[in-house]
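**Student:** One structure, as C-alpha cells, below. Some questions next.
The values are calculated or read from the model by the stated rules, or taken from the named source; none is laboratory data. Values in this document were obtained by computation on a predicted structure and should not be read as measured data. Heads up, the Cβs are rebuilt from the backbone with ideal geometry, glycines too, and the neighbour counts pull from every protein chain shown. Note: accessible area is taken over every heavy atom of the protein model, side chains too, but ligands, DNA and RNA are not part of it. Shrake-Rupley method; radii C 1.70, N 1.55, O 1.52, S 1.80 Å.
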Amino acid sequence: MIALIGPTLRFSISWEEEPSPRDAIFEKPVIYAFWHRAVFPAVWMWREQRIAVMVSRSFDGEYIARIIERLGFGAVRGSSSRGGAGALLGMKSVLGDGESVAFTIDGPRGPKYVAKAGPVTLSQISGRPMAAFYVALCGTWVLRTWDELMIPKPFSKALVRLSRKILVPADADEAQMGDYHAQLQASLERVTRFAEENVARVGSEELPIWKR
C-alpha cells in the first residue's frame, strides 16, 4: 500500500528554522520525534535515508521492522515499556556514525499526542539535538485505532513541518530534563497545528510542491 499510494502524494516541506545545508530534508545526525498516526506518509517521504527508528519488540513490531527495512530504514528494537535502555544505546551508536534516528513518540500504545522522554535522554547522552516534525494530509482515511492512524488517499496533498532543534546538555539535572521534555511536547504540538492549518495551501507559492 505504501509503495502504491506513496508516489502519488504531493509533498511540501516547511521549517521553523532553515536546515543546513538548505537542501537537506533531514539534517544529520539529529534525533527526530513525530506522532504515531503519521507513520504512513513519513515512511514514504524519508525512504532510503538510512534513518534508524525505534520499533517495539511486540508481534506487530516485527512486521513494522521488516517493512521499514525494505524501504531503507534501520530498525532498533525496543520501546518505552520493553528493551528501552538497550534501544537507546543502539540509537546512540547510530548517531555516532553520523546518521539520524526517529521516534514515533506517543507509541507503541499511546496515549495519543503525549510525548515520551526517550529523545530527551538520548540527546543528553549523545550530544546530538532533537527536533519534531509532523505530516498533515489533505485527503485521508482515518483508522479506528488508538492513534487514529492516517492512510492517505491517492494524490493527496501532504505538508511536512519541522521544528527548530533542541540540544539537551550532558549535565542537565532532573528538573531541567523535565523542562526539555516539555519543550519537545510543545514543539510537537506547534508543528502539528501549523501543518494541519496550512496543508490545504500545498501547491501555492508559499508552499510549493517538493520534487525528489
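**Student:** For the list (1) in contact with a strand residue (DSSP E or B) (Cβ under 7 Å, 6 or more places away or on another chain); (2) not in a helix (DSSP H, G or I), I need the number of the one condition that Pro29 fails.
**Tutor:** Pro29 satisfies every listed condition except (1).
**Student:** Name the single residue that is farthest from Asp106 (Cα to Cα) among those in region 195-208 being open to solvent by 70 Å² or more (accessible area, probe 1.4 Å) and either in contact with a Leu (Cβ under 9 Å, 6 or more places away or on another chain) or in a loop (DSSP other than H, G, I, E, B) (or both). Walk me through it before giving the result.
**Tutor:** From region 195-208, those open to solvent by 70 Å² or more (accessible area, probe 1.4 Å) are 196-197, 201, 205-206, 208; that's our starting set.
Next cut, either in contact with a Leu (Cβ under 9 Å, 6 or more places away or on another chain) or in a loop (DSSP other than H, G, I, E, B) (or both) only: 196, 201, 205-206, 208.
On the way: Glu196: 18, Arg201: 27, Glu205: 33, Glu206: 30, Pro208: 30 Å.
Result: Glu205.
**Student:** Can I ask one more? Go through region 166-194 and give me each residue that's under 24 Å from Ser20 (Cα atoms) and assigned to a loop (DSSP other than H, G, I, E, B).
**Tutor:** Leu167, Val168, Pro169, Ala170
**Student:** Residue by residue through region 1-26, note down the ones that are small (Gly, Ala, Ser) and either out of contact with any strand residue (DSSP E or B) (no Cβ under 8 Å at 6 or more places or on another chain) or within 21 Å of Ala186 (Cβ to Cβ) (or both).
**Tutor:** Answer for region 1-26, where residues must be small (Gly, Ala, Ser) and either out of contact with any strand residue (DSSP E or B) (no Cβ under 8 Å at 6 or more places or on another chain) or within 21 Å of Ala186 (Cβ to Cβ) (or both): Ala3, Gly6, Ser14, Ser20, Ala24.
**Student:** Also, quick follow-up: Among the residues of region 32-42 satisfying the criterion of being assigned to a strand (DSSP E or B) and among the hydrophobic types (A, V, I, L, M, F, W, C), which is nearest to Thr192 (Cα to Cα)?
**Tutor:** Phe34
**Student:** Say whether the condition of being open to solvent by less than 20 Å² (accessible area, probe 1.4 Å), of a type in the set (A, V, I, L, M) and in contact (Cβ under 8 Å) with a residue 12 or more places away in the chain is met by at least one residue in region 59-66.
**Tutor:** Among the residues of region 59-66, at least one is open to solvent by less than 20 Å² (accessible area, probe 1.4 Å), of a type in the set (A, V, I, L, M) and in contact (Cβ under 8 Å) with a residue 12 or more places away in the chain, which makes the answer yes.
**Student:** Okay, next question. From the set of residues in region 11-68 that are modelled with pLDDT of 85 or more and basic (Lys, Arg), which is farthest from the chain's Cα centre (by Cα)?
**Tutor:** This residue is Arg66.
**Student:** Still on this structure: Would you confirm whether or not region 177-194 contains a residue that is over 26 Å from Ile13 (Cα atoms), free of Cβ contacts under 8 Å to residues at least 40 places away in the same chain, surrounded by fewer than 21 Cβ atoms within 10 Å (Cβ to Cβ) and over 13 Å from the mean Cα position of the chain (by Cα)?
**Tutor:** So in region 177-194, the residues over 26 Å from Ile13 (Cα atoms) come out as 177-179.
If we keep only those that are free of Cβ contacts under 8 Å to residues at least 40 places away in the same chain too, we end up with 178-179.
Within this subset, residues satisfying the condition of being surrounded by fewer than 21 Cβ atoms within 10 Å (Cβ to Cβ) are 178-179.
Filter once more, keeping what is over 13 Å from the mean Cα position of the chain (by Cα): 178-179.
Yes.
**Student:** Kindly check whether there is at least one residue in region 20-40 that is surrounded by fewer than 21 Cβ atoms within 10 Å (Cβ to Cβ) and among the hydroxyl-bearing types (Ser, Thr, Tyr).
**Tutor:** yes
**Student:** Based on what the data block shows, is Gly90 open to solvent by less than 40 Å² (accessible area, probe 1.4 Å), in contact with a Lys or Arg (Cβ under 9 Å, 6 or more places away or on another chain), more than 21 Å from Ser156 (Cβ to Cβ) and not in a loop (DSSP other than H, G, I, E, B)?
**Tutor:** Yes; evaluated as a whole, the condition is true for this residue.
**Student:** Condition first: over 15 Å from Ser187 (Cβ atoms), open to solvent by 10 Å² or more (accessible area, probe 1.4 Å) and not charged (D, E, K, R). Now tell me which residues in region 108-139 satisfy that.
**Tutor:** Once the filter is applied, which keeps residues that are over 15 Å from Ser187 (Cβ atoms), open to solvent by 10 Å² or more (accessible area, probe 1.4 Å) and not charged (D, E, K, R), region 108-139 yields Pro108, Gly110, Pro111, Thr121, Gln124, Ile125, Ser126, Gly127, Leu137, Cys138, Gly139.
**Student:** Can you work out which of the residues in region 78-87 that are of a type outside the set (A, V, I, L, M), open to solvent by less than 70 Å² (accessible area, probe 1.4 Å) and touching a helix residue (DSSP H, G or I) at 6+ places or on another chain (Cβ under 9 Å) is modelled with the highest pLDDT?
**Tutor:** Applying the filter and picking the extreme gives Gly78.
Here's the yes/no breakdown for (1) touching a Pro at 6+ places or on another chain (Cβ under 9 Å); (2) in a helix (DSSP H, G or I); (3) more than 25 Å from Phe155 (Cα to Cα); (4) not aliphatic (A, V, I, L, M):
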site	(1), (2), (3), (4)
Ser20	no, no, yes, yes
Trp44	yes, yes, no, yes
Arg50	no, no, yes, yes
Ile67	no, yes, no, no
Gly72	no, no, no, yes
